[in-house]
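Presented below is the structure to which this report refers.
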Amino acid sequence: MQLITIINAVPALQKLAGADLSLKLYYKATKIIDAAEKEIKFYYDTRKKILEKYRDVNAECEEGEIKILPEFVDAAKTEIAELDAMEVDLKIKKLKIPDTENIKLSVNDGLALKNFIEIIFTESEDD
């Protein structure tokens with residue numbers, strides 16, 4: 001999976017982490033989140049190094065803001081795009097969540113989590 005997929009899933013993973021899960025699902029979700037956190041830290045540390053490499057040290061910036069030298073904007077964008085596209089292997093199993101769990105996810109959350117979770121639907125006569 002691409003590193004940016006994990007980064008884009010962070011808000012949905014946080015939402016999942018805040019849900020009331022059964023102990024079994026909680027344990028499995030924790031494993032996924034722990035694995036993702038290592039990759040998230042790597043991403044932000046590496047992204048910061050890229051930005052620092054091309055920053056304009058003479059520019060006046062707000063706290064936490066970095067200005068890139070105009071002649072290096074394309075190079076910085078290219079390196080960040082390469083970082084985004086980096087393939088990583090989380091070595092996780094998808095979290096199988098039965099539809100009987102009381103978890104509320106938006107469609108956007110579901111799309112962001114499609115590499116992390118699988119919803120298991122129970123059969124009913126209304127389906």
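We did not get these values from a lab; they are worked out from the coordinates using the rules stated. What you see is a predicted model, and the numbers here were worked out from it, not measured in a lab. Ideal geometry is used to build each Cβ from the backbone, glycine not excepted, and the neighbour counts take in all protein chains shown.
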- [ ] Just give me the residues in region 90-121 being in contact (Cβ under 8 Å) with a residue 24 or more places away in the chain, under 22 Å from Q14 (Cβ atoms), of a type outside the set (G, A, S) and not in a loop (DSSP other than H, G, I, E, B), in sequence order.
- [x] L95, K96, I97, P98, N108, D109, I117, E118
Task: Output for region 3-30, where each listed residue is touching a residue at least 60 places away in the same chain (Cβ under 8 Å), over 10 Å from the mean Cα position of the chain (by Cα) and either assigned to a helix (DSSP H, G or I) or surrounded by 13 or more Cβ atoms within 10 Å (Cβ to Cβ) (or both) - done: K15, L16, A19, L21, S22, L25, K28, A29
TODO: Taking only region 31-68 into account, find how many residues are within 14 Å of the chain's Cα centre (by Cα) and surrounded by fewer than 16 Cβ atoms within 10 Å (Cβ to Cβ).
DONE: 6
Task: Members of region 69-124 found to be farther than 22 Å from I33 by Cβ and touching a strand residue (DSSP E or B) at 6+ places or on another chain (Cβ under 6 Å), listed by number - done: A76, A85
- [ ] Scan region 59-89 residue by residue and report those that are under 15 Å from Y44 (Cα atoms), outside any loop (DSSP other than H, G, I, E, B) and among the aliphatic types (A, V, I, L, M).
- [x] A76, I80, A81, L83, A85
